[in-house]
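Inspection log for the structure reproduced underneath, given as structure tokens.
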Amino acid sequence: MRMCSIASGSSGNCIYIGSDNHHILIDAGISGKRVEAGLKDLGLSGSDLDGILLTHEHSDHIKGLGVIARKYDLPIYATPGTVAAVKSMSGLGKIDAGLFVEIHGDQDFQIGDLAISPFYISHDAAEPVAYRVACGEKKMAVATDLGVYTDYTVEHLKGLDALLLEANHDIHMLQVGGYPYYLKQRISGDLGHLSNETAGKLLCEVLHDDLKAIMLGHLSKENNYAELAYETVRLEMLLGDTPYKPDDFPLSVASREERSACIEI
């Protein structure tokens with residue numbers, strides 16, 4: 001089982017997860033050309049995909065959806081709220097209604113040998129979810145666009161082999177930056193995004209002996225940078241109420257522009 005960020009950031013998100021036999025994308029928020037280039041780097045093409053799982057309808061998660069879904073006739077898995085929101089958007093071009101497969105938070109479903117567990121997240125979208133994906137005993141999750149996290153969130157992120165977790169912004173950079181006040185409030189609010197510090201605190205609650213890889217994702221272009229996210233999360237791990245230290249786990253940061261190294265479990 002492997003996971004790879006084709007792109008992750010405030011300007012576009014597309015995450016690949018697959019087994020030897022089945023392959024999915026979580027979101028398609030970059031151009032179809034970039035999606036195909038990322039898959040090619042992985043030795044795959046769009047025709048190898050079994051579907052696209054949507055977290056929500058914001059453009060940085062669905063920008064290339066229409067192109068890829070139409071070209072390869074791919075099922076699109078999303079909650080009813082997300083499906084309705086996507087169908088109402090004209091910028092994606094016409095998408096055959098038969099490609100949409102409605103799924104629900106807290107209701108598991110199967111794509112080949114991949115067991116998918118959607119769970120609800122707090123974000124200013126119609127009906128957003130994050131995803132936990134298992135293949136046999138191997139378990140991965142992608143959790144971004146969380147305004148806050150709760151015990152419910154923590155439970156869904158426990159016992160993983162690999163985790164891609166949002167570390168969207170540095171609080172100080174956001175506060176002193178050029179964004180208008182309402183946008184600063186949105187980003188830092190309960191329906192916005194996790195700061196580096198909050199991501200580190202959440203991570204401390206799900207660390208365990210068998211966690212093999214952590215990737216930080218969905219970094220803001222204006223209010224964060226990779227080194228700062230990395231060091232801030234490491235500091236939270238160092239100071240947190242946990243028996244673990246930062247060097248106990250491989251920690252990386254997903255790029256907005258380039259494919260990440262593959263996490264293979």
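Out of L228, L238, report the one residue that is modelled with pLDDT of 95 or more and over 24 Å from M3 (Cα atoms). Result: L238 is the single residue among L228, L238 that is modelled with pLDDT of 95 or more and over 24 Å from M3 (Cα atoms). Just one of the numbered conditions (1) of a type in the set (S, T, N, Q); (2) farther than 22 Å from E258 by Cα; (3) open to solvent by 50 Å² or more (accessible area, probe 1.4 Å) is not true of S59: (2).
Of all the listed residues (Y72, Y77), the sole one being open to solvent by 10 Å² or more (accessible area, probe 1.4 Å), touching a Leu at 6+ places or on another chain (Cβ under 9 Å), at pLDDT 95 or above and farther than 30 Å from A213 by Cα is Y72. Do we find a residue being more than 25 Å from I15 (Cα to Cα), surrounded by 16 or more Cβ atoms within 10 Å (Cβ to Cβ), of a type outside the set (D, E) and touching a residue at least 40 places away in the same chain (Cβ under 8 Å) anywhere in the stretch 210-218? No; the residues of the stretch 210-218 include none that is more than 25 Å from I15 (Cα to Cα), surrounded by 16 or more Cβ atoms within 10 Å (Cβ to Cβ), of a type outside the set (D, E) and touching a residue at least 40 places away in the same chain (Cβ under 8 Å).
Taking the stretch 160-223 as the region of interest, the helices (runs of 4 or more DSSP H) fully inside it that hold 1 or more residues being closer than 22 Å to D248 by Cα and at pLDDT 95 or above are 196-206.
One residue stands out among those in the stretch 36-51 that are more than 14 Å from S255 (Cα to Cα) and in contact with a Cys (Cβ under 9 Å, 6 or more places away or on another chain): the one that is surrounded by the fewest Cβ atoms within 10 Å (Cβ to Cβ), which is D41.
Condition check: without any contact (Cβ under 8 Å) to a residue 40 or more places away in the chain and surrounded by 13 or more Cβ atoms within 10 Å (Cβ to Cβ). Does Y131 satisfy that? Taking the combined requirement at face value, the residue does not satisfy it.
Within the stretch 20-35, the set of residues being out of contact with any Gly (no Cβ under 6 Å at 6 or more places or on another chain) and crowded, with 18+ Cβ neighbours inside 10 Å comprises H23, L25, I26, D27, R34. Against the conditions (1) hydroxyl-bearing (S, T, Y); (2) surrounded by fewer than 24 Cβ atoms within 10 Å (Cβ to Cβ); (3) in contact with a strand residue (DSSP E or B) (Cβ under 6 Å, 6 or more places away or on another chain), S5 satisfies every one except (2).
Of all residues assigned to the stretch 135-157, none qualifies as being crowded, with 20+ Cβ neighbours inside 10 Å, in contact with an Asp or Glu (Cβ under 7 Å, 6 or more places away or on another chain), part of a helix (DSSP H, G or I) and not polar (S, T, N, Q). Does at least one position in the stretch 236-249 carry a residue that is touching a residue at least 12 places away in the same chain (Cβ under 8 Å), among the polar types (S, T, N, Q) and open to solvent by 30 Å² or more (accessible area, probe 1.4 Å)? For the stretch 236-249, residues touching a residue at least 12 places away in the same chain (Cβ under 8 Å), among the polar types (S, T, N, Q) and open to solvent by 30 Å² or more (accessible area, probe 1.4 Å): absent.
Given the criteria open to solvent by 40 Å² or more (accessible area, probe 1.4 Å), of a type in the set (A, V, I, L, M) and within 21 Å of S8 (Cα to Cα), does L191 qualify?
Taking the combined requirement at face value, the residue satisfies it.
The values are calculated or read from the model by the stated rules, or taken from the named source; none is laboratory data. Predicted model, so just to flag it, every value in this text is computed and none were measured. Virtual Cβ from ideal backbone geometry, glycine too; neighbours counted across all protein chains shown. Ligands, DNA and RNA are stripped out before the accessible areas are found, and what is left, the full protein with its side chains, is counted by its heavy atoms. Shrake-Rupley method; radii C 1.70, N 1.55, O 1.52, S 1.80 Å.
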